[in-house]
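Colleague: Attaching a single structure in structure tokens format; questions to follow.
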Amino acid sequence: MTSGASRTKPRTGVGGLRQSASDGLIITWRNLKRIPRIPELAIFAVLQSIMFVLLFAFVFGGAIPLPGGGNYREYLMPGIFAQTIVFAAATTAIGMSEDVHKGLIDRFRSLPMARSAILIGRALSDVVYNGGILIVLMLSGLLVGWTVRTGIPPFLEGVGLLLLFAFAMSWIGIWLGLSVPSVEVAQQAVFIVLFPITFVSNVFVPPQTLPSWLQPIAEWNPTSTLTASLRGLWGNPNPYASTGFPSQHPVLVTLLWVVVIVAVFAPLGIRRYRSMSH
Amino acid sequence: MSVAQPLVDPSVAPACPEEIVIATAIAAHGLVKVYRSRKSEVRALDGIDLEVEAGTVLGLLGPNGAGKTTTVRILATLLRPDAGTATVAGFDVVHQPQEVRSIIGLSGQYAAVDENLTGRENLWMFGRLYQMSSSAARQRAVELLDQFGLVEAADRVVKTYSGGMRRRLDLAGSLISHPLLLFLDEPTTGLDPQGRLGMWEVIRGLVREGATLLLTTQYLEEADELADTIAVVDHGKIIARGTADELKSQVGGERIEVIVHDQVDLGRARQLLAPTGIGDPHVDEHTRRISIATDRGAQGLVQVVRDLDEASIRINDIGLRRPTLDDVFLSLTGHESESGE
Ligand SMILES: Nc1ncnc2c1ncn2[C@@H]1O[C@H](COP(=O)(O)OP(=O)(O)O)[C@@H](O)[C@H]1O
Ligand SMILES: [Mg+2]
């Protein structure tokens, strides 16, 4: 990524890229420090996901039969992981918008630091944060009957895919957080966008039960392809996979989504950030 | 990493500002800024000219919405002007922003410190982002915490700080790299009287050490207290500049001030006062106060008391007042200094 840091004056003796990296790590440190100091944030993020697990595994789950005798909870958990990661954009947007409205961004922008560092640090720390939340969720998943049936390498591939996707979603969050007029709007905007994305998908129900015009959307939905990738990689049941391209090549389509999202939203976010001085 | 030094003409772009004695710390000419949105256009700055000599304090004085923050943000490279130019220590704020950033300190209108970090962590982070080494940043944090009376609170999260402590920490953050030049945007707004006095003390300390300072304020008293020269800004324009004394003399000498008991008497009292003073009396209906400039001193006051008494107008208060900067503002703009709200 190129950034304003390329204009960094030589007198500090630090090159543009190196300065972006070291400043970015300081911002990452700073973002991570706040997690244990506002534990409510992480606790609610985990609780929200656990609530979905309980709701669907134990309340609606009985009404959703899986052909071939698959375990619904085992089917559900990868979807919950994917949904949690999609919601990563919310964390990012809210954090970003708070920094803007509390004047911290202004302070950072008045320092001789790499301008890209704020964005890099935000994306990085949110990946770490979401990684932590995933660990908690996976442990809870094990308790309700989810398991990985394949092996360590495919398990790690799945985790890597989740974190890559979290990184992509962070850029949507960065752009949103910089674009909205207040923190409250950031919260609402994010949920208005994200709830449909996670519900019109294969996370909770077989996509075949959706109205026919929604089915292709659900099939191409990145939440669906991410979920299908995880089910495939981990050997969790996925009895509703169709013969469509996204269902046949979920990992490839998910990676494409990551590329597209970053390619669109990273420049948008950076432009937003730059244009704050106009 | 070695960087080839380009041959520069030092009179155009000093390569290392610290080694050059700069007489003019800030020079701004014709700054214009228009905020555009779909619905409206706000001409926040309408041609601001400023000059600040090194080692002096300029007070930018104006009501809410006058354009103070916008001016500071442009000079601190956070905002691009739509027209005009500005240099800080010889560096152009638009074309050499990174150079400007490395020699200024900015303390914004709202304390911009991370609430979830401790005071010490905040200062360390800012030091690192000024490209100091970790240990140098730690060392500097210790010095500043001491200087600003934050040693005891150093390891508490900022969330638990009072407003005054936050502002002091914010100011400390802007001093990390020993800036040549400091911008303070309304440093005491929102502080209680005790916090304000504490902040004044800190700022006076900086001035004694020879800091060059641009300070904005809505409080005339504050500009009088801290600034060498004052520029009065209103609706994006500088409408007056000079020392506090020069500005005071612009309004004329003393004023007679009367507060009448009954609102209905305001009109009559105004007529009675007019011949004793100079110019038009100023009437504030709300507080039932009339004031007028006079060159007749105590003699004039006695005359007014007599006239009011003869006309049997009841008064609550009367007095002869030395002009304050409030009067300056009133006579320059025709409205009270804090009416911008
Ligand atoms: N981001 C912005 N968008 C639109 N208008 C703005 C913005 N910032 C300031 N203004 C307007 O510009 C004018 C000057 O504002 P400002 O510089 O903040 O004044 P001050 O700091 O003296 O109170 C005001 O009328 C204010 O409403
Ligand atoms: Mg302001």
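The values are calculated or read from the model by the stated rules, or taken from the named source; none is laboratory data. In this text the structure is predicted, and so the values were computed from the model without any measurement. Positions of Cβ are backbone-derived with ideal geometry, glycine not excepted, and every protein chain shown enters the neighbour counts. Each accessible area value is taken on the protein alone, full model and side chains, heavy atoms only, with ligands, DNA and RNA left out. Shrake-Rupley method; radii C 1.70, N 1.55, O 1.52, S 1.80 Å.
Colleague: If you count only protein heavy atoms with a 1.4 Å probe, what accessible area per residue comes out for chain B, rounded to a whole Å²?
Modeller: So chain B comes to 46 Å² accessible per residue, rounded to a whole number.
Colleague: As a test of understanding, state the convex hull volume per residue of the stretch B:254-321 from its alpha carbons, in Å³. Spell out each step's value before the answer.
Modeller: Values: hull volume 4.6 nm³, N = 68.
Spelled out: Cα convex hull of the stretch B:254-321, divided by residues, is 68 Å³.
Colleague: Keeping all protein chains in position, work out how much accessible area B:Arg120 exposes to a 1.4 Å probe, and write it in Å² to the nearest 10.
Modeller: For B:Arg120, solvent-accessible area is about 80 Å².
Colleague: How large, in percent, is the carbon and sulfur part of the accessible surface of chain A at a probe radius of 1.4 Å? Walk me through the numbers on the way to the answer.
Modeller: Working: 8310 of 11650 Å².
That share works out to 71 percent.
Colleague: At a probe of 1.4 Å, how much accessible area disappears from chains B and A on forming the pair, both sides counted, to the nearest 100 Å²? Kindly include the intermediate steps, with their values, before the conclusion.
Modeller: Details: alone 17510 and 13390 Å², together 27420 Å².
The buried area between B and A, both sides summed, comes to about 3500 Å².
Colleague: With a point put 7 Å past each Cα toward its Cβ, work out how far B:Glu285 is from B:Asp326 in nm, to one decimal.
Modeller: Modelled inter-label distance: 2.0 nm.
Colleague: Angle check, please: helix B:163-174 long axis (alpha carbons) against the longest principal axis of chain B (alpha carbons), in degrees 0 to 90, nearest 10.
Modeller: So the inclination is approximately 50 degrees.
Colleague: Multiply the residue gap between B:Gln147 and B:Lys39 by 0.36 nm, knock off their C-alpha separation, and tell me the result in nm, one decimal place. Kindly include the intermediate steps, with their values, before the conclusion.
Modeller: Details: separation 108, 0.36 × 108 = 38.88 nm, distance 4.72 nm.
Full extension from B:Gln147 to B:Lys39 adds 34.2 nm.
Colleague: Taking 23 Å as the cut-off for C-alpha to C-alpha distance, list the pairs among B:Lys33/B:Lys159; A:Lys102/B:Lys39; A:Lys102/B:Lys237; A:Lys102/B:Lys68; A:Lys33/B:Lys68 that go past it.
Modeller: Details: B:Lys33/B:Lys159 35 Å; A:Lys102/B:Lys39 25 Å; A:Lys102/B:Lys237 28 Å; A:Lys102/B:Lys68 19 Å; A:Lys33/B:Lys68 34 Å.
Among B:Lys33/B:Lys159; A:Lys102/B:Lys39; A:Lys102/B:Lys237; A:Lys102/B:Lys68; A:Lys33/B:Lys68, the Cα-Cα distance tops 23 Å for B:Lys33/B:Lys159; A:Lys102/B:Lys39; A:Lys102/B:Lys237; A:Lys33/B:Lys68.
Colleague: Using a Förster radius of 41 Å, what is the FRET efficiency between B:Ile259 and A:Met276 based on their Cβ-Cβ separation? Nearest 0.05, please.
Modeller: Working: r = 48 Å, r/R0 = 1.18.
Efficiency computed from Cβ-Cβ geometry: 0.25.
Colleague: Using a Gaussian network model of chain A with C-alpha springs under 10 Å, which one of A:Thr92, A:Thr84, A:Thr209 is most mobile by mean-square fluctuation?
Modeller: Comparing A:Thr92, A:Thr84, A:Thr209 in the GNM, the peak value goes to A:Thr209.
Colleague: Answer rounded, prolate or oblate for chain B, using the Cα gyration tensor with square roots of eigenvalues a ≥ b ≥ c: rounded when a/c is under 1.5, else prolate when a/b is larger than b/c, else oblate. Numbers along the way, then the final one.
Modeller: Numbers: a/c = 2.55, a/b = 1.89, b/c = 1.35.
It is prolate, given that a/c is not under 1.5 and a/b is the larger ratio.
Colleague: Looking at the protein assembly as shown, I'd like the Rg to Rh ratio, where Rg is from alpha-carbon atoms and Rh is Kirkwood's inverse mean 1/r.
Modeller: Numbers: Rg = 31.4 Å, Rh = 28.2 Å.
Expressed as Rg/Rh, it is 1.11.
Colleague: Now a separate question. Carbon and sulfur atoms: what percent of the 1.4 Å accessible area of the stretch B:49-172 do they account for? Spell out each step's value before the answer.
Modeller: Values: 1960 of 4080 Å².
Accessible surface attributable to carbon and sulfur in the stretch B:49-172 totals 48 percent.
Colleague: Now, a different point. Under unit Cβ charges (Lys, Arg +1; Asp, Glu -1), what dipole magnitude, rounded to 20 debye, does chain B have relative to its Cα centre?
Modeller: Numbers: 34 positive and 49 negative charges, 174 e Å.
Result for chain B is approximately 840 debye, rounded to the nearest 20.
Colleague: Using a 1.4 Å probe on the protein heavy atoms only, what accessible surface does B:Thr85 show? Give it in Å² to the nearest 10.
Modeller: Probe radius 1.4 Å; accessible area of B:Thr85 about 70 Å².
Colleague: Leaving out ligands, DNA and RNA, what percent of the accessible area of the stretch B:254-321 is carbon and sulfur, probe 1.4 Å?
Modeller: Numbers: 1770 of 3880 Å².
Roughly 46 percent, rounded to a whole number.
Colleague: Rank A:Ile85, B:Ile318 by accessible area, highest first, at a 1.4 Å probe radius?
Modeller: Details: A:Ile85 0, B:Ile318 50 Å².
The residues order as B:Ile318, A:Ile85, largest area first.
Colleague: Run the quick spin-label model on B:Val94 and B:Glu201: label points 7 Å from Cα toward the beta carbon, then report their separation in nm to one decimal.
Modeller: So the label points at B:Val94 and B:Glu201 sit 4.4 nm apart.
Colleague: Quickly work out the B:Ser249-to-A:Ala263 label distance, labels modelled 7 Å from Cα along the C-beta direction, and quote it in nm with one decimal.
Modeller: It is 7.1 nm.
Colleague: Keeping all protein chains in the complex and leaving out DNA, RNA and ligands, what accessible area do you get for B:Arg268 with a 1.4 Å probe, in Å² to the nearest 10?
Modeller: Spelled out: B:Arg268, probe radius 1.4 Å, area about 110 Å².
Colleague: Relative to the isolated chain, which residues of the stretch A:75-119 have their accessible area cut by 50 Å² or more in the presence of all protein chains (1.4 Å probe, heavy atoms, no ligands or nucleic acids)?
Modeller: A:Lys102, A:Leu104, A:Asp106, A:Arg107, A:Ser110, A:Leu111, A:Pro112
Colleague: Compute the helix-to-body angle for A:250-275: its Cα long axis versus the longest principal axis of chain A, expressed 0 to 90° and rounded to tens.
Modeller: Approximately 30 degrees, to the nearest 10.
Colleague: I've got another one for you. What percent do you get for the relative contact order of the stretch B:254-321 when only Cα pairs under 8 Å and 6+ apart count? Before the final figure, lay out the partial values.
Modeller: Details: 118 pairs, mean separation 32.8, N = 68.
In percent, rounded to a whole number, it is 48.
Colleague: Quick one: 3J(HN,Hα) in Hz for the stretch B:74-80, Karplus 6.51/-1.76/1.60 with θ = phi - 60°, rounded, Gly and Pro as x.
Modeller: Here the 3J(HN,Hα) series is 5, 5, 8, 6, 7, 9, 8 Hz.
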